[in-house]
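Here's the structure we're looking at; comments come further down.
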Amino acid sequence: MTFGIEILWREIFSNFVPEVVIHFAGLKSVAESIEEPAKYYDVNVGGTAILVDVMNITGCKNIVFSSSATVYGPPVDLPCNEEHPLHPINPYGRTKLIAENVIKTGRMH
(Lines give C-alpha, C1' and ligand atoms only; values in the text may rest on other atoms or scores of the structure.)
Protein backbone atom coordinates (compact mmCIF):
# COMPACT_ATOMS: atom_id res chain seq x y z
CA MET A 1 0.00 0.00 0.00
CA THR A 2 2.80 2.44 0.81
CA PHE A 3 4.78 1.46 -2.30
CA GLY A 4 5.56 4.61 -4.27
CA ILE A 5 4.29 7.05 -1.67
CA GLU A 6 7.81 8.14 -0.72
CA ILE A 7 8.51 9.13 -4.33
CA LEU A 8 5.29 11.14 -4.46
CA TRP A 9 5.94 12.90 -1.14
CA ARG A 10 9.55 13.68 -2.07
CA GLU A 11 8.30 15.28 -5.28
CA ILE A 12 5.64 17.30 -3.46
CA PHE A 13 8.04 18.37 -0.69
CA SER A 14 10.72 19.33 -3.22
CA ASN A 15 8.29 21.82 -4.77
CA PHE A 16 6.69 23.00 -1.54
CA VAL A 17 8.13 22.56 1.94
CA PRO A 18 5.32 23.14 4.42
CA GLU A 19 5.90 24.70 7.83
CA VAL A 20 3.72 21.98 9.35
CA VAL A 21 2.15 18.69 8.28
CA ILE A 22 -1.27 17.76 9.60
CA HIS A 23 -1.29 13.95 9.51
CA PHE A 24 -4.85 12.59 9.43
CA ALA A 25 -4.05 9.80 6.98
CA GLY A 26 -4.36 6.18 7.97
CA LEU A 27 -6.70 3.27 8.18
CA LYS A 28 -9.15 3.36 11.09
CA SER A 29 -11.37 0.31 11.42
CA VAL A 30 -10.80 -1.79 14.53
CA ALA A 31 -12.67 -4.74 12.98
CA GLU A 32 -10.74 -4.57 9.72
CA SER A 33 -7.45 -4.25 11.61
CA ILE A 34 -8.18 -7.57 13.31
CA GLU A 35 -8.93 -9.21 9.95
CA GLU A 36 -6.03 -7.57 8.06
CA PRO A 37 -3.39 -6.48 10.57
CA ALA A 38 -0.50 -6.36 8.06
CA LYS A 39 -2.39 -3.79 6.00
CA TYR A 40 -2.70 -1.57 9.08
CA TYR A 41 0.98 -1.89 9.98
CA ASP A 42 1.92 -1.06 6.39
CA VAL A 43 -0.25 2.03 6.08
CA ASN A 44 -0.39 3.41 9.63
CA VAL A 45 3.18 2.65 10.69
CA GLY A 46 5.01 2.38 7.37
CA GLY A 47 3.29 5.43 5.91
CA THR A 48 4.07 7.49 9.00
CA ALA A 49 7.73 6.41 8.95
CA ILE A 50 8.05 7.42 5.30
CA LEU A 51 6.39 10.77 6.00
CA VAL A 52 8.75 11.44 8.92
CA ASP A 53 11.76 10.57 6.73
CA VAL A 54 10.63 12.92 3.97
CA MET A 55 9.93 15.67 6.50
CA ASN A 56 13.44 15.25 7.93
CA ILE A 57 15.06 15.28 4.49
CA THR A 58 13.24 18.43 3.42
CA GLY A 59 13.48 20.31 6.73
CA CYS A 60 9.82 20.34 7.75
CA LYS A 61 10.02 20.14 11.54
CA ASN A 62 6.39 20.35 12.70
CA ILE A 63 3.64 17.75 12.67
CA VAL A 64 0.14 17.52 14.11
CA PHE A 65 -0.78 13.84 14.39
CA SER A 66 -4.31 12.54 14.71
CA SER A 67 -3.95 9.63 17.09
CA SER A 68 -6.74 7.69 18.77
CA ALA A 69 -8.06 6.88 22.21
CA THR A 70 -7.60 3.22 21.26
CA VAL A 71 -3.95 3.58 22.32
CA TYR A 72 -5.16 3.52 25.93
CA GLY A 73 -7.14 0.29 25.82
CA PRO A 74 -9.78 -0.40 28.45
CA PRO A 75 -10.10 2.49 30.92
CA VAL A 76 -8.44 2.12 34.29
CA ASP A 77 -9.77 5.46 35.53
CA LEU A 78 -12.45 7.74 34.12
CA PRO A 79 -12.20 10.15 32.61
CA CYS A 80 -9.10 9.04 30.71
CA ASN A 81 -6.39 11.63 30.29
CA GLU A 82 -3.02 11.57 28.58
CA GLU A 83 -1.42 10.09 31.71
CA HIS A 84 -3.58 6.96 31.38
CA PRO A 85 -1.57 3.73 30.83
CA LEU A 86 -1.01 2.87 27.17
CA HIS A 87 -2.32 -0.60 26.45
CA PRO A 88 -3.95 -0.95 23.01
CA ILE A 89 -5.90 -4.19 22.61
CA ASN A 90 -6.20 -4.42 18.81
CA PRO A 91 -3.96 -3.96 15.78
CA TYR A 92 -5.44 -0.53 14.97
CA GLY A 93 -4.60 0.82 18.43
CA ARG A 94 -1.14 -0.76 18.35
CA THR A 95 -0.37 0.83 14.97
CA LYS A 96 -1.45 4.26 16.20
CA LEU A 97 0.79 3.93 19.27
CA ILE A 98 3.73 2.77 17.17
CA ALA A 99 3.14 5.68 14.77
CA GLU A 100 3.22 8.08 17.73
CA ASN A 101 6.58 6.62 18.74
CA VAL A 102 7.91 6.81 15.17
CA ILE A 103 7.08 10.52 15.20
CA LYS A 104 8.62 11.08 18.66
CA THR A 105 11.87 9.26 17.90
CA GLY A 106 12.23 10.11 14.23
CA ARG A 107 11.72 13.85 14.28
CA MET A 108 14.21 16.70 14.48
CA HIS A 109 17.58 15.07 13.84
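Using the alpha-carbon centroid of each, what span in Å lies between region 83-108 and region 9-32? Measuring centre to centre over Cα atoms gives 17 Å.
In this label model, residue 12 and residue 32 are separated by 1.9 nm, measuring between points 7 Å along each Cα→Cβ vector.
Nearest 10 degrees is fine. How inclined is helix 5-15 to the longest principal axis of the chain, computing both from alpha carbons? In the chain, helix 5-15 runs at an angle near 50 degrees to the longest axis. Sparsely packed loop sites in region 21-105 (the GluC sites (Glu not before Pro) outside DSSP H, G, I, E and B with at most 13 other Cβ atoms within 10 Å) comprise 82, 83.
How much accessible area per residue does the chain have, counting only protein heavy atoms and a probe of 1.4 Å, in square angstrom?
Working: 6800 Å² over 109 residues.
So the chain comes to 62 Å² accessible per residue, rounded to a whole number.
If you plug the beta carbon distance of residue 20 and residue 90 into 1/(1 + (r/R0)^6) with R0 = 25 Å, you get a FRET efficiency near 0.25. For the chain, the carbon plus sulfur part of the accessible surface works out to 61%, probe radius 1.4 Å. Compared with the dominant principal axis of the Cα atoms in the chain, helix 47-58 is inclined by about 40°.
How far, in nm, would the chain grow between residue 82 and residue 63 when pulled straight, counting 0.36 nm per residue and subtracting the alpha carbon separation? Spell out each step's value before the answer.
Numbers: separation 19, 0.36 × 19 = 6.84 nm, distance 1.83 nm.
So the extension gain works out to 5.0 nm.
For region 1-70, run through the chymotrypsin sites (Phe, Trp or Tyr not before Pro) and keep only the ones in DSSP coil with at most 11 other Cβ atoms within 10 Å of their Cβ. The qualifying sites are 3, 16, 24. Quick one: helix 91-106 against the long Cα principal axis of the chain, what's the angle to the nearest 10°, folded into 0 to 90? Taking Cα atoms only, the helix is inclined about 50 degrees.
The values are calculated or read from the model by the stated rules, or taken from the named source; none is laboratory data. Here the structure is a predicted model, which means the values were calculated and not measured. In this analysis, Cβ positions are derived from the backbone assuming ideal geometry, glycine residues included, and neighbour counts consider all displayed protein chains. Keep in mind that these areas ignore ligands, DNA and RNA; they rest on the heavy atoms of the full protein, side chains included. Shrake-Rupley method; radii C 1.70, N 1.55, O 1.52, S 1.80 Å.
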